[in-house]
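Asks: Have a look at the structure that comes next, please.
The values are calculated or read from the model by the stated rules, or taken from the named source; none is laboratory data. Keep in mind it's a predicted model, so treat the numbers as computed, not measured. Here the Cβ positions follow ideal geometry from the backbone for every residue, glycine too, while neighbour counts run over all protein chains shown.
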Amino acid sequence: GESVGLHLPTLSVQEGDNSIINCAYSNSASDYFIWYKQESGKGPQFIIDIRSNMDKRQGQRVTVLLNKTVKHLSLQIAATQPGDSAVYFCAENPDNYGQNFVFGPGTRLSVLP
Amino acid sequence: DAGVIQSPRHEVTEMGQEVTLRCKPISGHNSLFWYRQTMMRGLELLIYFNNNVPIDDSGMPEDRFSAKMPNASFSTLKIQPSEPRDSAVYFCASRPRGGSYEQYFGPGTRLTVT
């Protein structure tokens, strides 16, 4: 399996800098969101999630911000490392049952040495 | 834990042939999902099962696609007959009962239909 997306938006950051990846979601009724990371040749991997009753959640080196007013999510990665190079997807859950997630198109993050 | 296992990892077949993709979810997980990933459409949910029962197959593109889950540890996605536009990476994912909605993805099967 491989990541796809020759035409994906690309974000290039210098190693050690902070990265901010943005995502606009479509359904105002969505109440749960997940960020996934997909490395080349692998399936998506969970990074962090957030519920709609929160506007910020922090993990290890990552922070997710949610702005429900404008239906916008962002993923912040602190001190970006070469291993962070991947495609990042946001996924929204519009059906309140946590099963049927709708994935965004993805953003490719390239970490420059 | 071996994670979600998919086979084959790569499949090349000719148009009109039957293709069967296989998935073994993580032991103890009770939900299983099949996704398709293409350049044009990104990652799309095809079908998902809860406790081996298909819950939502609205993402299955057409009748040529079918999925089964005969038991908690095995699922298949079948395409018959296959067409070139079916070429994609197919992912299987599983989720444990309750708690987080995190889905654990397999490595995918890259299908090429010529």
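Asks: If only one of A:Asn67, A:Asn22, A:Asn53 is away from every other protein chain (no Cβ under 11 Å), within 15 Å of the chain's Cα centre (by Cα) and exposed (fewer than 14 other Cβ atoms within 10 Å of the Cβ), which one is it?
Replies: So the residue among A:Asn67, A:Asn22, A:Asn53 that is away from every other protein chain (no Cβ under 11 Å), within 15 Å of the chain's Cα centre (by Cα) and exposed (fewer than 14 other Cβ atoms within 10 Å of the Cβ) is A:Asn67.
Asks: Please specify each residue of segment A:34-56 satisfying the condition of being part of a strand (DSSP E or B), out of contact with any Cys (no Cβ under 6 Å at 6 or more places or on another chain) and under 28 Å from B:Gly108 (Cβ atoms).
Replies: If the condition is that a residue be part of a strand (DSSP E or B), out of contact with any Cys (no Cβ under 6 Å at 6 or more places or on another chain) and under 28 Å from B:Gly108 (Cβ atoms), then A:Ile34, A:Tyr36, A:Lys37, A:Gln38, A:Gln45, A:Phe46, A:Ile47, A:Ile48, A:Asp49, A:Ile50 are the ones that fit.
Asks: Something else: Which condition number in (1) within 13 Å of another protein chain (Cβ to nearest Cβ); (2) under 14 Å from the mean Cα position of the chain (by Cα); (3) crowded, with 17+ Cβ neighbours inside 10 Å is the one that A:Ser30 fails?
Replies: The one condition A:Ser30 does not meet is (2).
Asks: Which one of these does B:Phe65 not meet: (1) over 14 Å from the mean Cα position of the chain (by Cα); (2) farther than 18 Å from A:Pro44 by Cα?
Replies: B:Phe65 satisfies all of (1) over 14 Å from the mean Cα position of the chain (by Cα); (2) farther than 18 Å from A:Pro44 by Cα except (1).
Asks: If the requirement is being in contact (Cβ under 8 Å) with a residue 60 or more places away in the chain, within 14 Å of another protein chain (Cβ to nearest Cβ) and surrounded by fewer than 20 Cβ atoms within 10 Å (Cβ to Cβ), which of these qualifies: A:Pro94, A:Pro82, A:Pro113?
Replies: A:Pro94
Asks: Now for a separate question. Could you please tell me which pairs satisfy a Cβ distance under 6 Å, a separation of 6+ or placement on different chains, a first residue in segment A:1-16 that is at pLDDT 80 or above, and a second residue that is in a loop (DSSP other than H, G, I, E, B) and of a type in the set (Ser, Thr, Tyr)?
Replies: A:Val13/A:Thr80
Asks: A further question on this structure: Of all residues in segment A:97-110, how many are in contact (Cβ under 8 Å) with a residue 60 or more places away in the chain, under 16 Å from B:Ile47 (Cα atoms) and in a loop (DSSP other than H, G, I, E, B)?
Replies: 2
Asks: Also, quick follow-up: Kindly check whether there is at least one residue in segment A:33-40 that is in contact with a Gly (Cβ under 8 Å, 6 or more places away or on another chain), more than 8 Å from chain B (Cβ to nearest Cβ), closer than 15 Å to A:Leu75 by Cβ and at pLDDT 90 or above.
Replies: Checked against the condition, which is being in contact with a Gly (Cβ under 8 Å, 6 or more places away or on another chain), more than 8 Å from chain B (Cβ to nearest Cβ), closer than 15 Å to A:Leu75 by Cβ and at pLDDT 90 or above, segment A:33-40 yields at least one hit.
Asks: A follow-up question, please. Tally up the residues in segment B:16-28 that are more than 15 Å from B:Asn51 (Cα to Cα) and out of contact with any strand residue (DSSP E or B) (no Cβ under 6 Å at 6 or more places or on another chain), please.
Replies: So the answer is 3.
Asks: Let me ask another. Please return the ranges of strands (runs of 3 or more DSSP E) entirely within segment B:15-114 where 3 or more residues are without any contact (Cβ under 8 Å) to a residue 40 or more places away in the chain and within 14 Å of chain A (Cβ to nearest Cβ).
Replies: Once the strands (runs of 3 or more DSSP E) in segment B:15-114 are filtered for at least 3 residues that are without any contact (Cβ under 8 Å) to a residue 40 or more places away in the chain and within 14 Å of chain A (Cβ to nearest Cβ), what remains is B:42-50, B:53-56.
Asks: Would you confirm whether or not segment B:88-95 contains a residue that is surrounded by 15 or more Cβ atoms within 10 Å (Cβ to Cβ) and basic (Lys, Arg)?
Replies: So far as segment B:88-95 goes, yes, one or more of its residues are surrounded by 15 or more Cβ atoms within 10 Å (Cβ to Cβ) and basic (Lys, Arg).
Asks: Surrounded by 13 or more Cβ atoms within 10 Å (Cβ to Cβ) and at pLDDT 95 or above: does that describe A:Ser74?
Replies: Yes, satisfied.
Asks: Next question. Among the residues that make up segment A:3-16, is at least one of them out of contact with any Lys or Arg (no Cβ under 8 Å at 6 or more places or on another chain), surrounded by fewer than 17 Cβ atoms within 10 Å (Cβ to Cβ) and within 12 Å of another protein chain (Cβ to nearest Cβ)?
Replies: yes
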